[in-house]
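Report on the structure given below.
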Amino acid sequence: MKDVKGKVAFITGAASGMGLGMARAFVDAGMKVMLSDIDAEKLDKEVAALQAAGGDVAGVALDVTDRDAVFAAKDATLEKFGKVHVACANAGVGVTGALDKCDQKNWEWCIDVCLWGPIYCLQAFVPVIKQQEEGGHFLATSSMAGMASFRGMGPYNVAKFGVVTLIETLNEELKKYPDINASVLCPGAVATNIYDSTMHRQDRYG
């Protein structure tokens, strides 16, 4: 899409870091944005700040490991803005540890957030973008760890490699939709809340 003014974007992990940066950039470009994040309090604060600056935005609290919740967030986006043209699966967490020593709960947490999260977003939003026939884009955030494996980051490497091949496969499947494509971000180390998540896992994972 060359002209994004008035188009609608959905972003996960949007209350901080790169997700919030995406939201601000989209607003600056004239887009309408639905921000989502598991941290409802911080999400509300950032949504209010963007609205105060003139942005046409809204927010929905979201745990990306909950497939039903992701689909509900899609429904909330359509209810608020009528359409969605760009979906950004950005939420992530960090897990360190050797492949044979990282405990099962950390494995599950990392794979659930970093890989299943983007899969659920793809399943929820890509069919809508196709059906609209207005063009669109699906973006997923991976990492340099999705391009080159790093010692001591086993679960994270595996999840982020999965995101890269997810998007490569999606692009193959989108070839018959010339106005829809997908891309993957593979940043290096960025000072975001993912560093905190590496140290403090969600309570429900033990």
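The values are calculated or read from the model by the stated rules, or taken from the named source; none is laboratory data. Just so it is clear, the structure is predicted and the values come from calculations on it, not from any experiment. When we count neighbours, we look across all protein chains shown, and the Cβ atoms used for this are built from the backbone with ideal geometry, even at glycine.
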Within the range 24-35, can you find the residues that are over 14 Å from VAL84 (Cα atoms) and within 12 Å of the chain's Cα centre (by Cα)? none
For the range 7-41, which residues satisfy the criterion of being closer than 13 Å to ALA76 by Cα and among the aromatic types (Phe, Trp, Tyr)? PHE10
Check off (1) within 17 Å of the chain's Cα centre (by Cα); (2) over 30 Å from PHE161 (Cα atoms) for LYS5 and give me the number that stays unchecked. (1)
Pick out the one residue from GLY154, GLY162 that is touching a Leu at 6+ places or on another chain (Cβ under 7 Å), more than 23 Å from ALA23 (Cβ to Cβ) and at pLDDT 90 or above. GLY162
Those residues of the range 166-203 that are at pLDDT 95 or above and part of a helix (DSSP H, G or I) come to a total of 8
Flagged in the range 137-151 as within 20 Å of MET18 (Cα to Cα) and in contact with a Phe, Trp or Tyr (Cβ under 9 Å, 6 or more places away or on another chain), in numbering order, are PHE138, SER142, SER143, MET144, ALA145, GLY146, MET147
When you check VAL8 against the structure, is it touching a His at 6+ places or on another chain (Cβ under 6 Å), modelled with pLDDT of 95 or more and surrounded by 16 or more Cβ atoms within 10 Å (Cβ to Cβ), yes or no? yes
Applying the selection to the range 134-150, what residues are touching a residue at least 40 places away in the same chain (Cβ under 8 Å) and either part of a strand (DSSP E or B) or farther than 16 Å from THR12 by Cβ (or both)? GLU134, GLY135, GLY136, HIS137, PHE138, LEU139, ALA140, THR141, MET144, GLY146
